Every structure is written in structure tokens, then in C-alpha cells.
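First the structure, in the form of C-alpha cells, and then the observations on it.
What follows draws every value from the coordinates through simple rules; no lab data is involved. Just so we're clear, the structure is a prediction, and the values are computed from it rather than from any experiment. Neighbour counts run over all protein chains shown; Cβ positions are idealised from the backbone, glycine included.
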Amino acid sequence: MDPHLQRLQELQVLDSRIAGLERKLEAIPGRIQTIRDGLQQAKAAVDGIRAKLDGARKDMRSKEKDLEYQGSQRKKLEAKLYEVKTNKEYSAALSEIEGSKVEKNRIEEEILGLMELQERLGREVVEGDARLRPHEAEARVQEAAATEEMRALEVDLEGARSERKIAARDVPRDVLAQYGRLLKVRGGLAVALVGSNGICSGCRVTLTPQRFNEVRQSSQIFVCENCGRFLYYQP
């Protein structure tokens, strides 16, 4: 086999490997971000429940103050009964006291509802925290594994690029430039196999009998007359 063609085959293997490593490396930051986003969403869900619980507690304190104020107002109204001088004033005072009782009952019902809400939200926070802890642990393991994989891929990629530089030294400059152009425009495949069926594995077109015989001899570099890829024969 022509030594330059052999080097082109080696380059193709290395470039395919390099492209695969680069694709894997490019995907890892996205994987890590997905892990982080999933954990952040889980935390945000628990934080949202905790915020509702804090809001319920704040509302509870406000309602308790309202109830305390309502109680003091009712005492004032009841004391006022002893100061009225006419039946009309007495009836008006009784009406105010009754209204105060209605308001007290309303506030107490709201406080009861808030107490039940706090109890439910409190349980949800505890349950959410319990689910979150293993989620956090799993996220740490997954991110560590992805980071380790990235480091290993970087080492492999550096090694493959070094091998490529060595292999490229033995290829004439003009052939190497043509190979580089083909690599870009032919989807990363610049060197194609031709089997005993005489078909270019790159474009799936059957070679002419003359070109097929030339490629079989492997005495020099030939290209596919259809796609321009470098060809090598392997029965």
C-alpha cells in the first residue's frame, strides 16, 4: 500500500476518534447543568412551601393581634352599657357588642384555618426536606462522575491530537490540505473504504471498472470520482 495512503487511513481513524471525544466533551457541561437545574428545581419547590409556611405564620400573628384588639374594643363597648341614658342608646350599644362578637368569631375561624394550614405546610416541608437530602447526595455523585469523565476525555483527546500530529508529518502538504478540506465538507469522512463490490463507502456509488482496479492495486493515492474522497481497498 502507498505509505501516504496508509498515513491518511491512520489520520482518518484518529480524526474520527478526536471528533467523537470532542462531542462527548461538549455534551458534559450540559449534563452537569441539567443535574444542577434538577436539584435547584427540587430546592425551589421546598423553598416555595417554606415561604408559604412563613406567610401563614405571619398572617397568624396578624390575626392574633386583630383578635386581641377586638377583645379590647368589646370590653369598651360592654363598659359603655353602664353609661347610656336612653333605651335608644342602650339598643345601639347592644348592636355594637353583637357586631363585635360576629367579628371575633370570624377572626377565630380564620385563625383556626391558618393553624390547619400551618400544620399541613409544616408536614410538607419536613417531607420535602426528607426527599431533598438523597436528591442532593445523588446530584453530587452524578456531577462528580461527570467531572471525572470530562477529565479522562480531556486526557484521551490530548493523546489523540498528539498522535495525529505525528501521523500528519509524513503526509505531503498538498495532500494533507486536500484531506482537511474533505474532512470538513464530507461530514468528517475524508478516506473511504472500497470493498470487493467496488462501492465507495462514503457516497455509496459504484466505481468505474478502471478506478476500481486502480484502487485495488493500492500503488498510489486515488479518489472517488463522485465524492472526491481518498479511497483504499479492503476485500
Worksheet item: Say R0 is 25 Å: what FRET efficiency, to the nearest 0.05, do Ile32 and Ala130 get from their beta-carbon distance?
Response: 0.50
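Are there any trypsin sites (Lys or Arg not before Pro) in segment 1-87 that are in a DSSP loop and have at most 12 other Cβ atoms within 10 Å? List them by number. Please list the in-between numbers first.
Working: sites: Arg7, Arg17, Arg23, Lys24, Arg31, Arg36, Lys43, Arg50, Lys52, Arg57, Lys58, Arg61, Lys63, Lys65, Arg74, Lys75, Lys76, Lys80, Lys85; in loops: Lys85.
The qualifying sites are Lys85.
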Fill in: Eligible aspartates and glutamates near Lys65 by straight Cα distance, threshold 15 Å, same-chain separation 8 or greater
Glu103, Glu108, Glu109, Glu110
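Within 10 Å of each candidate Cβ there may be at most 15 other Cβ atoms; applying that plus a DSSP loop requirement, which trypsin sites (Lys or Arg not before Pro) in segment 189-232 survive? Walk me through the intermediate numbers first.
Numbers: sites: Arg204, Arg211, Arg216, Arg229; in loops: Arg204, Arg229.
Counting only loop positions with at most 15 other Cβ atoms within 10 Å, the trypsin sites (Lys or Arg not before Pro) in segment 189-232 are Arg204.
Greater than 20 Å separation of Cα atoms is the criterion. Which listed pairs, Lys75/Lys101; Lys75/Lys104; Lys80/Lys101; Lys52/Lys101, meet it? Please list the in-between numbers first.
Working: Lys75/Lys101 11 Å; Lys75/Lys104 12 Å; Lys80/Lys101 16 Å; Lys52/Lys101 30 Å.
Result: Lys52/Lys101 exceed 20 Å.
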Worksheet item: Among Glu83, Glu26, Glu103, whose mean-square fluctuation peaks in a Gaussian network model of the chain (Cα, cutoff 10 Å)?
Response: Glu83
Fill in: Gyration tensor verdict on segment 88-185 (Cα atoms; rounded if a/c is under 1.5, prolate if a/b is larger than b/c, oblate otherwise)
prolate
Worksheet item: Taking the simple approach of a point 7 Å from Cα along Cα-to-Cβ for both Lys43 and Leu25, what is their distance in nm?
Response: 2.9 nm
Worksheet item: Where does the chain land on Rg(C-alpha)/(2.2 N^0.38 Å)?
Response: 2.31
Worksheet item: So what's the gap between the Cα centers of segment 80-135 and segment 19-45, to the nearest angstrom?
Response: 49 Å
Worksheet item: If the cut-off is a Cα-Cα distance under 25 Å, which lysines reach Lys24, setting aside same-chain residues fewer than 8 apart in sequence?
Response: Lys165, Lys184
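For Glu89 and Ala145, calculate 0.36 nm times their separation in residues minus their Cα-Cα distance, and state this gained length in nm to one decimal.
Numbers: separation 56, 0.36 × 56 = 20.16 nm, distance 8.17 nm.
Separation in residues times 0.36 nm, less the Cα-Cα distance, equals 12.0 nm.
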Worksheet entry | Amide N proximity, segment 202-235 versus Val13 label position 7 Å along Cα-to-Cβ, cut-off under 16 Å | 232-235
Worksheet entry | Per-residue HN-Hα couplings for segment 49-57 [Karplus 6.51, -1.76, 1.60; θ = phi - 60°; Hz; x = Gly/Pro] | 5, 5, 5, 5, 5, 4, x, 5, 5
Fill in: Pairwise centroid distance, computed over Cα atoms, of segment 194-235 with segment 137-164, Å
38 Å
